[in-house]
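A.B. asks: One structure, as structure tokens, below. Some questions next.
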Amino acid sequence: MAPPMSAGRFLDALRDEGVTVVEVGDWEHHNRNHKGPWGPVHGVMIHHTVTKGSERTVEICRDGYASLPGPLCHGVITKDGRVHLVGYGRANHAGLGDDDVLRAVIAEKRLPPDNEANTDGNRHFYGFECENLGDGEDPWTEEQFDAIERISAAICRHHGWTERSVIGHLEWQPGKVDPRGFTMDAMRSRVEERLK
């Protein structure tokens, strides 16, 4: 059972790992906590945005849509590798997912196939949206890969987790494909190396 970091500790952990952070507005208090609990936290979830243009992407992830209010994540990783903090606390990013996957994340074991959506992921995961169209053609930048690796390692290091606590949205919720364009196994290998 891991309580979430304070917003200040979260910011320090990212900076200590060498992440280039951009603080967007009053991100520390922008959340969906009135809709349900935030924590205990068990992992880090990576997404792609299906958007183009860094400024617009950050704005959408902070404010959300009429049907899905923001924040849609805790941080937005733009093409240049900067991490824009848009919220802290409960965020609308994970949605309902598979309780078997959550148990595997907690136990830090290989993930089973996600075949049901019965568990609130917004409560249990730090979430990061990455600027990418998600069409399999929009290129990912090395700066983004480096930032994903660093934010994941920073959070895992703080909580004493291994790379097994880092998952993609596609591994959590049936029907999701994000992040598309690289494998989470490859990213977990990078995180594992950084944590050594």
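The values are calculated or read from the model by the stated rules, or taken from the named source; none is laboratory data. These numbers were taken from a predicted model, which means no experiment stands behind them. Cβ sites come from the backbone with ideal geometry, for glycine too, and all protein chains shown count toward neighbours. Heads up: the accessible areas ignore ligands, DNA and RNA and are worked out on the full protein's heavy atoms, side chains in. Shrake-Rupley method; radii C 1.70, N 1.55, O 1.52, S 1.80 Å.
A.B. asks: Can you tell me which residue within the stretch 38-62, out of those that are among the hydrophobic types (A, V, I, L, M, F, W, C) and over 22 Å from Trp172 (Cα atoms), is surrounded by the most Cβ atoms within 10 Å (Cβ to Cβ)?
C.D. replies: If we filter the stretch 38-62 for residues that are among the hydrophobic types (A, V, I, L, M, F, W, C), which is where we start, we get 38, 41, 44-46, 50, 58, 60-61.
Next, from what is left, pick out any that are over 22 Å from Trp172 (Cα atoms): 58, 60.
Numbers: Val58: 23, Ile60: 20.
So the residue we want is Val58.
A.B. asks: Here's something else I'd like to know. Six or more apart or on different chains, Cβ under 6 Å: which pairs go from a residue in the stretch 20-38 that's β-branched (Val, Ile, Thr) to one that's surrounded by 15 or more Cβ atoms within 10 Å (Cβ to Cβ) and part of a loop (DSSP other than H, G, I, E, B)? Could you list them?
C.D. replies: Note: pairs meeting the criteria are Thr20/Arg82; Val22/Arg82; Val24/Val86.
A.B. asks: Across the stretch 34-73, what is the total count of residues that are among the aliphatic types (A, V, I, L, M) and out of contact with any strand residue (DSSP E or B) (no Cβ under 8 Å at 6 or more places or on another chain)? Break it down into steps so the answer makes sense when it comes.
C.D. replies: Restricting attention to the stretch 34-73, the residues satisfying the condition of being among the aliphatic types (A, V, I, L, M) are 41, 44-46, 50, 58, 60, 66, 68, 72.
Now restrict to residues that are out of contact with any strand residue (DSSP E or B) (no Cβ under 8 Å at 6 or more places or on another chain): 50, 60, 66, 68.
Result for the stretch 34-73: 4.
A.B. asks: I would also like to ask the following. Restricting to the stretch 97-128, and then to whatever is within 25 Å of Gly160 (Cα to Cα) and aliphatic (A, V, I, L, M), can you tell me which residue is most open to solvent (accessible area, probe 1.4 Å)?
C.D. replies: Ile106
A.B. asks: In the stretch 41-55, what residues are part of a helix (DSSP H, G or I) and touching a residue at least 40 places away in the same chain (Cβ under 8 Å)? Show your work before the answer.
C.D. replies: Taking the stretch 41-55 and keeping what is part of a helix (DSSP H, G or I), we get 54-55.
Answer for the stretch 41-55, where residues must be part of a helix (DSSP H, G or I) and touching a residue at least 40 places away in the same chain (Cβ under 8 Å): just Ser54.
A.B. asks: Still on this model: Could you give me the residue pairs with C-beta distances under 8 Å whose first residue belongs to the stretch 56-78 and is in contact (Cβ under 8 Å) with a residue 60 or more places away in the chain and part of a helix (DSSP H, G or I), whose second residue is crowded, with 20+ Cβ neighbours inside 10 Å and among the acidic types (Asp, Glu) wherever it lies, and which are 6+ apart or on separate chains?
C.D. replies: If the second residue must be crowded, with 20+ Cβ neighbours inside 10 Å and among the acidic types (Asp, Glu), the pairs left are Thr57/Glu129; Thr57/Glu131; Cys61/Glu129.
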